[in-house]
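Asker: Have a look at this one.
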Amino acid sequence: MRERTRKIPPELSTGRTYFALGLEGSANKLGAGVIKHLLDGTSVVLSNLRHTYITPPGEGFQPRDTALHHREWAIRLIDDSLKKAGISVHDLDCICYTKGPGMGAPLQSVALVARTLSMLYSKPLVGVNHCVGHIEMGREITGAQNPIVLYVSGGNTQVIAYSRQCYRIFGETLDIAVGNCLDRFARVINLSNDPSPGYNIEQTAKLGKRLVPLPYTTKGMDVSLSGILTSIEAYTKDKKFRPNGALDGENENSNIFTPADLCFSLQETVFAMLVEITERAMAHIGSKEVLIVGGVGCNERLQEMMGIMAKERGGQVFATDERFCIDNGIMIAQAGLLAFRTGQTTSLEDSTCTQRYRTDEVHVAWRV
Amino acid sequence: MQTSSFASKLNMASPLSHTLLQSSSLVAQGAEARVYKSSLTIGGPPFLLKHRFNKQYRHPSLDASLTRSRVAGEARALLKCLRSGVNVPGVRFVDASEGILGIEWIDGLSVRRLLPGGTEDEEDLDGESIHDPQAKLSAHGISVGNLMSLIGIELAKMHAADIIHGDLTTSNMMLRHLTKFQVPVGSSDSLQLVLIDFGLSYHSALVEDKAVDLYVLERAFASTHPESEPLFASVLQAYADRLGKEWSGVKRRLDDVRLRGRKRSMVG
C-alpha cells in the first residue's frame with residue numbers, strides 16, 4: 001500500500017501509535033482495512049481490501065443476496081487484511097464498523113461480525129457514519145484542509161461543508177442519488193455491472209457525440225434527478241433510438257441517437273448540475289477547495305468538469321482514485337479511529353445499525 | 001407577450017453590450033456570473049451589469065440554452081415583481097444571447113453579512129458578539145426582529161405575485177438606506193429590504209413551489225447562521241401575516257416538504 005502522510009490535529013496528539021480495523025458493508029461492497037496513526041501525527045494505510053458483489057447485467061443487487069455475500073466473505077477478507085497489515089487482532093485499539101446509512105441487511109451482517117470480534121478479543125467498538133468516513137479518508141489522502149465536499153455515490157448526493165464540529169449539508173438530492181440514476185440507466189440499456197455500472201456508463205459515454213435535451217433541475221443548492229432518469233429512459237423507446245449503433249446508410253446527420261449518445265447526454269447534464277451546486281456552495285461560503293468523494297467521484301469526466309470550474313474560480317479540486325472513492329474499509333477505520341481518540345466508543349447495547357443516518361448528525365469532535 | 005416584447009426592445013446588438021462590459025469595473029464574481037459596476041455616461045448614475053460568462057465545464061449547447069433562458073427569465077421575473085410592488089432592482093438592459101443583464105445599482109449590505117455567522121473572519125471576534133444577533137445591526141438602526149419581518153413581507157409580496165425565487169439565501173437579500181427622495185410617498189421607513197438574484201426564478205402559482213422556496217431559505221439560514229431557528233420563525237410569522245388566507249396551505253405543504261430529503265430520521 002502506498003503510504004500517505006498528513007498531520008493529525010494537535011488535540012489528538014498523545015504519545016503512542018494507534019491501530020484500527022475498519023469494516024464496511026453498507027451496499028454491495030464488503031471492505032476491510034487497517035490504519036495506523038503514528039506518533040508524529042501522520043497515518044499509514046496498512047491494508048485496504050474489498051470484495052464486490054456483482055450481479056448480472058440488467059439486475060441490481062438485492063439486500064438479502066448482498067447480505068449473504070458479505071457473510072460469506074467477511075472472515076476471509078478480515079483475515080487477509082490483518083495478514084497484509086502484518087499485525088494481529090490483539091494489536092488493534094478498536095474495531096470500527098459502518099453504523100449507517102445504507103441497506104439494512106448488509107449493514108446488519110457486518111455489524112454482527114464487528115460485534116463478535118469485539119467480544120472475542122475484548123476490543124472497543126466504534127460505529128461510524130459512512131458519509132463521514134468518506135470525508136475523513138478524502139481529507140487524509142488528498143491533504144485538503146477545509147474543502148467543500150461533494151459526496152456522490154449510489155446512495156448519496158450531498159454538498160457538505162464543515163462548520164463548528166459538524167459536517168453541514170448545504171445541498172443534496174431531493175429524490176434519488178446520482179449513482180442510483182446512472183446505475184439504473186445502465187440497467188435499462190443492459191450494460192455490465194462489472195466492475196461497476198457507473199464505470200461502464202463512463203466508458204460508453206466517451207463514444208457519444210450528440211447531446212439530447214434532458215431536464216436540468218437544480219433548485220437552489222439542491223438537485224432533483226428522478227425526472228432525468230424517466231426522461232432518458234423515454235429516449236430508449238423513441239423510434240430514433242438505435243440500440244446497436246447507426247444502421248446502414250445513416251450518418252452523423254441522421255438525427256438518430258445511440259446508447260453512447262444517451263450515456264454522454266446523461267453524464268453531461270447530471271454532472272453539470274452537480275458542478276453548478278458545488279460552485280454555488282463555494283461562492284456562498286467563500287471556499288476555494290473542493291473535495292470529491294464517493295463512488296461516482298472516481299468518474300474522470302466529473303473530476304475534469306469540477307477541475308475546470310475550480311480553475312475558473314482560482315481554486316483547486318481534490319479527488320482520489322477507486323481505492324478510496326469507492327466504498328472501502330479503510331475510511332471506516334480512519335473516521336472510527338479519529339472518533340476513538342477523542343473518546344467516542346460504541347457500547348455493545350448501542351452497536352446497532354441504521355438505514356437513515358444523516359451526515360450532520362455526527363459530532364465531529366476531532367476537528368476544531 | 002408584454003414582457004418578451006419589452007425584452008426585445010431593450011435588446012441591443014451584442015458588440016455594444018461587450019463594449020459596455022469593457023468600460024465597466026468588476027465588482028464581484030458569484031457562482032453564476034461576474035458582476036460589474038457600469039455607467040452609460042462618465043459620472044452618470046451607476047448600474048449593475050451581470051454577465052453570465054460561458055461555463056467551460058458545461059457542454060456548449062447546454063450552456064448556451066441555460067444562459068439564454070436564465071437571463072430572459074431573470075428579467076421577466078424582475079419586471080413582474082416590479083409591477084407587483086416587490087422591492088427588487090429595476091431592469092435597465094437585457095442581452096439574453098450574450099448572457100448580459102443590466103439592473104439598478106443597489107447601495108447596501110447583504111443580510112448575510114448583517115447576521116451572525118455570515119462572515120468568514122468573525123472567528124477573530126470575541127465570543128459574545130458572534131452569538132448576539134443584534135451586534136452587527138445596531139449600526140444600521142434596525143432590530144433583528146424588524147429585519148426578519150421585512151424579509152417575510154417581501155417574500156409574501158413576491159409569492160402573492162406567483163414568482164418563485166428559486167435560490168433564496170441571506171446572500172440574496174440586501175438592506176439599503178433610502179435617500180429622502182427615494183422614500184415612497186406615505187412611508188416613513190427609510191430602510192428597504194431588496195430581493196436580488198432572480199437567476200433561478202420562475203412563475204408558479206403552486207403551493208408546492210412556494211413551500212419549497214421557503215424551505216430552501218430555511219436550509220440556508222440553518223447552514224449559514226448557527227442557532228437561527230427563532231430568526232427564521234419570525235420571518236415566517238411576518239410572511240404569514242402578509243400572505244393572509246393562502247398561508248394555511250403553504251404552511252401545510254412546508255411541513256410536508258421538511259420531511260423530504262434523503263435519510264432523514266424517521267423517529268417521531
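Asker: Within region A:125-139, is even one residue touching a strand residue (DSSP E or B) at 6+ places or on another chain (Cβ under 8 Å), in contact (Cβ under 8 Å) with a residue 24 or more places away in the chain and among the acidic types (Asp, Glu)?
Answerer: No: zero hits.
Asker: Kindly list, by first and then second residue, each pair from a residue in region B:95-116 that is farther than 21 Å from B:Glu74 by Cα to a residue that is among the basic types (Lys, Arg) and open to solvent by 50 Å² or more (accessible area, probe 1.4 Å), limited to pairs with Cβ atoms under 8 Å and residues at least 6 apart or on different chains.
Answerer: B:Arg113/B:Lys136; B:Leu114/B:Lys136; B:Leu115/B:Lys136; B:Pro116/B:Lys136
Asker: Report yes if A:Pro243 is over 23 Å from the mean Cα position of the chain (by Cα) and either over 29 Å from A:Phe61 (Cα atoms) or within 14 Å of chain B (Cβ to nearest Cβ) (or both), otherwise no.
Answerer: When the stated conditions are applied, A:Pro243 does not pass them.
Asker: Now for a different question. Select, from A:Glu268, A:Glu276, A:Glu304, A:Glu300, the only residue that is of a type in the set (Asp, Glu), within 14 Å of another protein chain (Cβ to nearest Cβ) and over 28 Å from A:Asn190 (Cβ atoms).
Answerer: Step by step, each of A:Glu268, A:Glu276, A:Glu304, A:Glu300 is checked, and only A:Glu276 is of a type in the set (Asp, Glu), within 14 Å of another protein chain (Cβ to nearest Cβ) and over 28 Å from A:Asn190 (Cβ atoms).
Asker: Which ones in region B:34-64 are farther than 15 Å from B:Arg92 by Cα and at pLDDT below 85?
Answerer: B:Ile42, B:Gly43
Asker: Oh, and also: May I ask you to say which residue of A:Gly86, A:Gly58, A:Gly104 is within 14 Å of chain B (Cβ to nearest Cβ) and either surrounded by fewer than 20 Cβ atoms within 10 Å (Cβ to Cβ) or free of Cβ contacts under 8 Å to residues at least 40 places away in the same chain (or both)? Before you say what the answer is, go through the steps one by one.
Answerer: On the way: A:Gly86 fails: within 14 Å of chain B (Cβ to nearest Cβ); A:Gly58 fails: within 14 Å of chain B (Cβ to nearest Cβ).
So the residue among A:Gly86, A:Gly58, A:Gly104 that is within 14 Å of chain B (Cβ to nearest Cβ) and either surrounded by fewer than 20 Cβ atoms within 10 Å (Cβ to Cβ) or free of Cβ contacts under 8 Å to residues at least 40 places away in the same chain (or both) is A:Gly104.
Asker: Tell me, please, whether a residue that is within 11 Å of another protein chain (Cβ to nearest Cβ), open to solvent by less than 50 Å² (accessible area, probe 1.4 Å), in contact (Cβ under 8 Å) with a residue 12 or more places away in the chain and part of a helix (DSSP H, G or I) can be found in region A:154-174.
Answerer: Looking through region A:154-174, none of the residues is within 11 Å of another protein chain (Cβ to nearest Cβ), open to solvent by less than 50 Å² (accessible area, probe 1.4 Å), in contact (Cβ under 8 Å) with a residue 12 or more places away in the chain and part of a helix (DSSP H, G or I).
Asker: Test A:Ala281 against the criterion of being part of a helix (DSSP H, G or I), more than 14 Å from every other protein chain (Cβ to nearest Cβ) and of a type in the set (A, V, I, L, M), and give yes or no. So that I can check it myself, show each step before the final result.
Answerer: On the way: part of a helix (DSSP H, G or I): yes; more than 14 Å from every other protein chain (Cβ to nearest Cβ): no; of a type in the set (A, V, I, L, M): yes.
No.
Asker: Could you tell me which of the residues A:Ile277, A:Ile232, A:Ile228 is modelled with pLDDT under 95 and open to solvent by less than 50 Å² (accessible area, probe 1.4 Å)? Before you say what the answer is, go through the steps one by one.
Answerer: Values: A:Ile232 fails: modelled with pLDDT under 95; A:Ile228 fails: modelled with pLDDT under 95.
None of the other options fit; the residue is A:Ile277.
Asker: Now for a different question. When you scan region A:65-78, do you find a residue that is surrounded by fewer than 19 Cβ atoms within 10 Å (Cβ to Cβ), within 22 Å of A:Val126 (Cβ to Cβ) and free of Cβ contacts under 8 Å to residues at least 12 places away in the same chain, even just one?
Answerer: No, every residue in region A:65-78 fails to be surrounded by fewer than 19 Cβ atoms within 10 Å (Cβ to Cβ), within 22 Å of A:Val126 (Cβ to Cβ) and free of Cβ contacts under 8 Å to residues at least 12 places away in the same chain.
Asker: Right, another one. Can you report the number of residues in region A:310-368 which are within 14 Å of another protein chain (Cβ to nearest Cβ) and more than 22 Å from the chain's Cα centre (by Cα)?
Answerer: 6
Asker: I'd like to know if region B:173-180 contains one or more residues that are within 14 Å of chain A (Cβ to nearest Cβ) and either open to solvent by 50 Å² or more (accessible area, probe 1.4 Å) or modelled with pLDDT under 95 (or both).
Answerer: Within region B:173-180 (the criterion being within 14 Å of chain A (Cβ to nearest Cβ) and either open to solvent by 50 Å² or more (accessible area, probe 1.4 Å) or modelled with pLDDT under 95 (or both)), the answer is yes, since at least one residue qualifies.
Asker: Which of the residues that make up region B:216-234 are within 15 Å of the chain's Cα centre (by Cα) and open to solvent by less than 40 Å² (accessible area, probe 1.4 Å)?
Answerer: Correct list: B:Val216, B:Leu217, B:Ala220, B:Phe221.
Asker: Another question, then. Would you call A:Ser122 free of Cβ contacts under 8 Å to residues at least 40 places away in the same chain and either outside the structural domain of A:Arg301 (by TED's automatic domain parsing) or surrounded by fewer than 24 Cβ atoms within 10 Å (Cβ to Cβ) (or both)?
Answerer: Yes: the conditions hold for A:Ser122.
Asker: Note down all Cβ pairs under 6 Å where the first residue falls in region B:24-36 and is over 17 Å from B:Asp63 (Cβ atoms), the second is open to solvent by less than 30 Å² (accessible area, probe 1.4 Å) and assigned to a loop (DSSP other than H, G, I, E, B), and they're at least six residues apart or on different chains.
Answerer: Close Cβ pairs satisfying both conditions: B:Tyr36/B:Ser24.
Asker: Within region A:254-261, is there a residue that is in contact with a strand residue (DSSP E or B) (Cβ under 7 Å, 6 or more places away or on another chain), within 14 Å of chain B (Cβ to nearest Cβ) and touching a residue at least 24 places away in the same chain (Cβ under 8 Å)? Reasoning before the result, please.
Answerer: Just the residues of region A:254-261 that are in contact with a strand residue (DSSP E or B) (Cβ under 7 Å, 6 or more places away or on another chain), to begin with: A:257.
After this cut, where a residue has to be within 14 Å of chain B (Cβ to nearest Cβ) as well, the list is none.
Taking every residue of region A:254-261 in turn, none turns out to be in contact with a strand residue (DSSP E or B) (Cβ under 7 Å, 6 or more places away or on another chain), within 14 Å of chain B (Cβ to nearest Cβ) and touching a residue at least 24 places away in the same chain (Cβ under 8 Å).
Asker: Looking only at region A:40-55, count how many residues are open to solvent by 60 Å² or more (accessible area, probe 1.4 Å) and within 18 Å of A:Ala333 (Cβ to Cβ).
Answerer: 1
Asker: State which residue is nearest to B:Glu208 (Cα to Cα) when the search covers only region B:228-268 and only residues that are among the β-branched types (Val, Ile, Thr) and modelled with pLDDT of 90 or more.
Answerer: Looking at residues that are among the β-branched types (Val, Ile, Thr) and modelled with pLDDT of 90 or more, I get B:Val250.
Asker: Within region A:181-188, is even one residue under 19 Å from A:Pro259 (Cβ atoms), within 14 Å of chain B (Cβ to nearest Cβ) and assigned to a helix (DSSP H, G or I)?
Answerer: At the first step, the residues of region A:181-188 found to be under 19 Å from A:Pro259 (Cβ atoms) are A:181-188.
If we keep only those that are within 14 Å of chain B (Cβ to nearest Cβ) too, we end up with A:181.
Now restrict to residues that are assigned to a helix (DSSP H, G or I): A:181.
Yes, region A:181-188 contains a residue that is under 19 Å from A:Pro259 (Cβ atoms), within 14 Å of chain B (Cβ to nearest Cβ) and assigned to a helix (DSSP H, G or I).
Asker: Read through the list (1) small (Gly, Ala, Ser); (2) open to solvent by 20 Å² or more (accessible area, probe 1.4 Å); (3) at pLDDT 90 or above, then give the number of the only condition that A:Ser265 fails.
Answerer: (2)
Asker: So which residues in region B:28-38 are surrounded by fewer than 16 Cβ atoms within 10 Å (Cβ to Cβ) and closer than 15 Å to B:Asp107 by Cα?
Answerer: Answer for region B:28-38, where residues must be surrounded by fewer than 16 Cβ atoms within 10 Å (Cβ to Cβ) and closer than 15 Å to B:Asp107 by Cα: B:Ala28, B:Lys37.
Asker: Quick one: which residue in A:Gly127, A:Gly133 is more than 14 Å from A:Gly294 (Cα to Cα), crowded, with 21+ Cβ neighbours inside 10 Å and small (Gly, Ala, Ser)? Spell out how you get there, then give the answer.
Answerer: Values: A:Gly133 fails: more than 14 Å from A:Gly294 (Cα to Cα).
Within the list A:Gly127, A:Gly133, the selection yields A:Gly127.
The values are calculated or read from the model by the stated rules, or taken from the named source; none is laboratory data. If you're wondering where the values come from, they're calculated on a predicted model, not measured in any experiment. Counting neighbours? That spans all protein chains shown, and the Cβs are built from the backbone with ideal geometry, glycine included. Surface areas here come from the heavy atoms of the whole protein model, side chains and all, with no ligands, DNA or RNA. Shrake-Rupley method; radii C 1.70, N 1.55, O 1.52, S 1.80 Å.
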